[in-house]
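**Student:** Dropping the structure in here first, questions after.
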């Protein structure tokens, strides 16, 4: 059963949030530390003050409720998703499922939904319209928190294949970034007869099981660079993979702590030149963080790293044969070279963009939407009409 879904946050819940923010026991910080040792405490104090006394969550919630939102149960998990129909004849609309990552939710794609469903209204070709499906993974956003071990990316791909079938789409496109890149990859690997093409913002941190001597020089440089990034910036992921419950206790209890954990990544992974509010407004930042706070999903979201860490190595070595496209944004975590992308997938398109980072659908929605329109254009005839 598919049911319409909307939220309405009670005043007592918001009063509790504001009280916690005002009562935050802030840590000291080395003089002039800024963001060099993690979250900038001075910036977070300003953000928390605005969250408590200026941020209008009911207005943001109303905007989210204007999206066509639904819930259904898949594999024992009650899943929240957006299902936005194209402003186009049924026979021309390409079904497209977009998969998010961490630290976000369906929020990642809220700016591109209308650009994809109604390109004619935004300077594009109406023939490039999509039926857009944006689910929250179990344990993220408004999908329920799993009672036990959360599903890994392979299992989530299976849930999304079932979701698309339940919506009447036998053939569809898939796209994603971060963990959603892996979900989209497994959709293409495990359901190749249904996925017409797959677009990924990134290839994730690389896993290579072969002999490095077989790699091109730029591939070896890429692996070395990715390892360096993981050593310098990957402590969060090590915590998520190994001891997520330790961090979850504090992050689920302190909104300021939760903001520190998330906003530091929004800044570090976006194309903002060190100023996070060049990439996101305060209201946009706090909408993302408030979704985590209200749903209590920081713990299960982190635990997904643990189950993904247990995926057998052989799964990482599989090559995607479905036509694949990649978008490389200058401030993303890693930028794989073309030989690597050809190694891991049947790569038919690689686009390098002048601006944008890890959250490109939110940072550069026009660029991202146009990239999806162009990439999927040759594959539209391979999809089935929407129901």
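Quick note: the coordinates plus some simple rules give every number you see, no bench work behind them. All of these numbers come straight from a predicted model, not from anything done at the bench.
**Student:** Rounded to two decimal places and with Rh computed the Kirkwood way over Cα pairs, what is Rg over Rh for region 182-229?
**Tutor:** 1.08
**Student:** Let me check against my output: what whole-number percent is the relative contact order of region 3-382, with C-alpha pairs under 8 Å and at least 6 apart?
**Tutor:** Reported relative contact order: 19 percent.
**Student:** Pick from 155, 12, 260: which is most flexible by mean-square fluctuation in a GNM of the chain where alpha carbon atoms under 10 Å apart are linked?
**Tutor:** Comparing 155, 12, 260 in a Gaussian network model of the chain, the most mobile one is 12.
**Student:** Assign one of three labels to region 3-382, namely rounded, prolate or oblate, based on the Cα gyration tensor with a ≥ b ≥ c the square roots of its eigenvalues; rounded applies when a/c is under 1.5, prolate when it is not and a/b is larger than b/c, and oblate otherwise. Could you put the intermediate results ahead of the total?
**Tutor:** Working: a/c = 1.56, a/b = 1.21, b/c = 1.29.
Note, shape of region 3-382 comes out oblate.
**Student:** When the chain is treated as a GNM, springs tying every alpha-carbon pair under 10 Å, which of 92, 281, 72 comes out with the largest mean-square fluctuation?
**Tutor:** 281
**Student:** Over all distinct alpha-carbon pairs, what is the Kirkwood Rh of region 233-302 in angstrom?
**Tutor:** It works out to 12.6 Å.
**Student:** Follow-up. Would you mind getting the Kirkwood hydrodynamic radius of region 45-98 from its Cα pairs, rounded to one decimal in Å?
**Tutor:** Computed over region 45-98, the radius equals 14.6 Å.
**Student:** While we're here: Given a 10 angstrom Cα cut-off, can you work out which residue in 374, 61, 31 is the most mobile in a GNM of the chain?
**Tutor:** Of 374, 61, 31, the Gaussian network model singles out 31 as fluctuating most.
**Student:** Shape of region 125-176 from its Cα gyration tensor (a ≥ b ≥ c, root eigenvalues): rounded if a/c is under 1.5, otherwise prolate when a/b > b/c, or oblate?
**Tutor:** Note, shape of region 125-176 comes out prolate.
**Student:** Still on this structure, I have one more. Write down the Kirkwood hydrodynamic radius of region 25-172, to one decimal in angstroms, obtained as one divided by the mean of 1/r over all alpha carbon pairs.
**Tutor:** Values: mean 1/r = 0.0558 Å⁻¹.
The Cα-based Kirkwood calculation yields 17.9 Å.
**Student:** Moving on. In whole Å, what is the distance between the alpha-carbon centres of region 109-124 and region 264-334?
**Tutor:** Region 109-124 and region 264-334 have Cα centres separated by 22 Å.
**Student:** Right, here's the next one. Based on DSSP H runs of at least 4 residues, each adding -39500 (n - 2.57), what is the mean residue ellipticity at 222 nm of the chain after dividing by all its residues, to the nearest 500 deg cm²/dmol?
**Tutor:** -12500 deg cm²/dmol
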